[in-house]
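K.L.:
I have a structure I would like to understand better, so I am pasting it below and will then ask my questions one at a time.
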Amino acid sequence: MANEIWTIKRCLEWTKEYLAERGEEHPRLSAEWLLCAATGLARIDLYMRMDETLNAAQLETMHAAVVRRAKGEPLQYITGSTQFRMIDVACAPGVLIPRPETEMLVEEVLNYLDTEVLSPEAAARQRVELPWNDEVEQARKAEAALADERATAERRAANLTAADEAALGSDVLGSRAYAEELADREAEEAAAQAAEAEAAKAAEPELDEYGIAIECADQKMASAQDAAAPAPTEPRIARVLEVGCGTGCISLSLAWERRGHVTCTATDIEPRAIDLATKNRDALGLTSDEVAFSLTNLVSSIPREEWGTFDVLVSNPPYIPTDVMRSLPHEVKDFEPDLALEGGADGLDIFRRLLNAAPYMLRAGGLFACELYEGALDAAAELCRQAGLSDVRIVHDLTDRPRIVRAIVTEPKQRQ
């Protein structure tokens, strides 16, 4: 095999048939993913370069990848990455692989932030008119002067008799129309000069006996208004708390898609998850000020002074019921971490702890949102209502299965 010529086309066809014989559900797609990882090419480039020959290193990488896939290992672990919304995230054994359903969880959070937190605040500043405004008075005087000049012009034009017009004939310079136009011009010029004179007069400050300008009442009032006007407020920065971050895909997407407007604090109990999430953050060029990862159990590491300051508490917690764990697909059950999957008898063990923490972590009006097992959503929604949360909703996923519960904390709590 080492001496054989393996083109991209031949390798793609052979891998597809090999995986199909071993029960792969989508053998061609898997073959494409593996070839892209081995060659560094995009999927479309594979079909543009079908006749290219793989080198020894690429063949060795491809062989190892096909063996792993044939055993059922997830493609994301083999290739080392996956796409999540607008970003690429590294994946590794021991850390839960991001799912499309979780992209919808991010969408729910973004919709809430856009409408309830980041939307422009209504302008509260109202301008109070001064009791006497120089500009208004100057305009009034100019208008009156223009009206007087127009009246004079009309009288001049009316003094031209029919005999005068007949004598002038076709001489446009002496016609009534020209007389009216000329009068209008003269009136407009006179009004403009009057306005300029008034403005210049108003601009000249009144001086006291020592030659120092005296500030009039209008100027004092305007200065007082400017001093009392509220300073422009800084743009609102939303604060998100994520529990159980895994690869970091939720927090990183929120910070990436609303960069400069959202900061995230994300926790996980698994050291490998924190290391991988940090790697993904660095690859995106995000900073620890934008997304901070913390190794801890749920919210244990959140400083007391930050309680009640978050706009959102979001989580994709372990939620598979214990009995359902046994029926999971081989590539999930035997390769992905149980710690990130199993949620107790009804799948809501971790959810209950998060629900208990939400009123302490969130501000009034803050959003609590969790992705959960499809058969547990009704029970989760009822738990939210019993806990005093409002606007409780269940959101369905792309396959129309109930997947996300979201609710609003109306009465934050403080621990004594």
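The values are calculated or read from the model by the stated rules, or taken from the named source; none is laboratory data. As the structure is a prediction and not an experimental result, all values here were calculated from the model. Cβ placement follows ideal geometry from the backbone for every residue including glycine, while neighbour counts extend to all protein chains displayed. Accessible surface is based on the protein model in full, side chains and every heavy atom, while ligands, DNA and RNA are left aside. Shrake-Rupley method; radii C 1.70, N 1.55, O 1.52, S 1.80 Å.
K.L.:
Using mean Cβ contacts within 10 Å as the protection proxy, how do 91-97, 322-328, 281-287, 63-69 order, highest first?
P.N.:
The most tightly packed comes first, giving 91-97, 63-69, 281-287, 322-328.
K.L.:
Let me know the charge dipole size of the range 1-122 about its Cα centre in debye, to the nearest 20, where only the beta-carbon of Lys, Arg (+1) and Asp, Glu (-1) is charged.
P.N.:
Its charge dipole is roughly 640 debye.
K.L.:
Quickly work out the THR322-to-ARG385 label distance, labels modelled 7 Å from Cα along the C-beta direction, and quote it in nm with one decimal.
P.N.:
It works out to 2.8 nm between the two label points.
K.L.:
Among residues other than VAL89 whose Cβ falls under 11 Å from its Cβ, what is the net charge (Lys/Arg +1, Asp/Glu -1)?
P.N.:
+2
K.L.:
Also, quick follow-up: How large is Rg over Rh for the range 342-416, taking Rg from the Cα atoms and Rh as the Kirkwood inverse mean of 1/r across Cα pairs?
P.N.:
Rounded to two decimals, Rg/Rh equals 0.98.
K.L.:
Cα atoms only: what Rg and Dmax, in Å, come out for the range 14-90?
P.N.:
Over the range 14-90's Cα set, Rg and Dmax evaluate to 12.3, 34 Å.
K.L.:
Give me the accessible area per residue for the range 236-298, probe 1.4 Å, as a whole number in Å².
P.N.:
Numbers: 2380 Å² over 63 residues.
That works out to 38 Å² per residue.
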